[in-house]
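The values are calculated or read from the model by the stated rules, or taken from the named source; none is laboratory data. Fair warning: this is a prediction, and the values are worked out from it, not measured in the lab. Cβ placement follows ideal geometry from the backbone for every residue including glycine, while neighbour counts extend to all protein chains displayed.
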Amino acid sequence: MTPRTAGLLLLLATTVNWGSTWPLLKFIMTGLPPLTLRAWGASAAALLLIALALAFRVPLGVPRGQRGRLVLFALLNVSAWMALTTVALRWLSASEGAILAYTFPIWATIFAWPLLGERPGLARWAGLAIGFGSMVFLFAGQGAEVSADKWPGVAAVLTAAVLFALGTVLSKRRPLTLPPFASLTWQMALGAIPMLILAPFLERPDVAAVTLPVWIAFAWMVVFTMGLSYFTWFAALRRLPASTATLGSLLAPVLGVIGASLSLGEPIGLRQVTALGGVLLAVVLAIGQKERRPREP
């Protein structure tokens, strides 16, 4: 299996996993406030990863020259993304949050041009337009509406999208040489720290009132959405151009809506099929574009 094929399979695994994120977060927020659930979730994921690293004797040492870079990537890829997208759901529906969060392929394509030398051709720009347009078409049918009273949520989730895109591109420009598992473990642990510090000042969770289904959903989020999906995302990013990987991630919210429809027993209509077809076409356009070697840092 070539690295490119492996990267595409890892990206597919990531998007399927991420597709469940938005409705899952809204459900967990019925029992836990947003920043608290992300802070606790990232901390639990980090502890699980550390336990696995110790059990399987994965080295966790970080060379001195990479420590600053590791902290920066943790803040951009974990802290900013998790905290801001989740807090935004105070004002936005899951559909609205997904539309805005998944503008990050646009920002990543823009950043990748000057920082990586990945100059997007007509196919990739067309893919962005078709993919994002298909997603908006889909979510417009889910009752998404960004009105004036939702601007705090809009600002939070767009900031998260820009910062995550920047973290994605920077991690391609100056990649860490740590083992992938060690890189994920440290980013999750370091990324949890700012959220753990801020959460007690902003929120007061009523732990006793949290129901068992919410705790089960929380555990699922820790293991799969936070742990496994970040691992497959970083692994895919090592093997694919940044703009291709991020454009492929547009499949996540579309698959999420279709999965939610199936789980609720609702038929998948023309809108869902059209949106999925549009995003698939966008991904094919991005993958089919001739790749240029990234500029050496």
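Structural remarks
- Helices (runs of 4 or more DSSP H) lying entirely in region 1-106 (those with 1 or more residues that are free of Cβ contacts under 8 Å to residues at least 40 places away in the same chain): 3-18, 34-55, 67-74
For (1) among the basic types (Lys, Arg); (2) within 30 Å of PHE181 (Cα to Cα); (3) touching a Leu at 6+ places or on another chain (Cβ under 8 Å), each residue gets a yes or a no:
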{"site": "ARG67", "(1), (2), (3)": "yes, yes, no"}
{"site": "VAL78", "(1), (2), (3)": "no, yes, yes"}
{"site": "LEU100", "(1), (2), (3)": "no, yes, yes"}
{"site": "LEU122", "(1), (2), (3)": "no, no, no"}
{"site": "PHE132", "(1), (2), (3)": "no, no, yes"}
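- Scanning region 14-27 turns up one or more residues that are more than 30 Å from ALA129 (Cβ to Cβ) and hydrophobic (A, V, I, L, M, F, W, C).
- Any hit, region 199-212, residues being among the acidic types (Asp, Glu) and out of contact with any helix residue (DSSP H, G or I) (no Cβ under 8 Å at 6 or more places or on another chain): yes
- Only listed residue being surrounded by 19 or more Cβ atoms within 10 Å (Cβ to Cβ), modelled with pLDDT of 90 or more and touching a Pro at 6+ places or on another chain (Cβ under 9 Å), chosen from ALA192, ALA199, ALA217: ALA199
- Pairs with Cβ under 6 Å, 6+ apart, first in region 158-183 and among the polar types (S, T, N, Q), second at pLDDT 95 or above and surrounded by fewer than 18 Cβ atoms within 10 Å (Cβ to Cβ): none
- Of the residues making up region 120-137, one or more are under 18 Å from TRP18 (Cα atoms) and surrounded by 24 or more Cβ atoms within 10 Å (Cβ to Cβ).
- For region 184-212, a residue qualifies if it is over 16 Å from ALA39 (Cβ atoms), in contact (Cβ under 8 Å) with a residue 24 or more places away in the chain and either in a helix (DSSP H, G or I) or of a type in the set (D, E, K, R) (or both), and the qualifying residues are LEU184, THR185, TRP186, ALA209.
- The residues listed here are ALA245, ALA236; of these, the one that is under 18 Å from the mean Cα position of the chain (by Cα), modelled with pLDDT of 85 or more, in a helix (DSSP H, G or I) and buried (at least 23 other Cβ atoms within 10 Å of the Cβ) is ALA236.
- Selection from region 74-98 of residues that are buried (at least 24 other Cβ atoms within 10 Å of the Cβ) and within 25 Å of ARG119 (Cα to Cα): ASN77
- Residues of region 46-73 that are crowded, with 24+ Cβ neighbours inside 10 Å and closer than 29 Å to GLY153 by Cα: ALA46, PHE73.
- Conditions (1) part of a helix (DSSP H, G or I); (2) in contact (Cβ under 8 Å) with a residue 40 or more places away in the chain; (3) surrounded by fewer than 23 Cβ atoms within 10 Å (Cβ to Cβ): number failed by THR109: (3)
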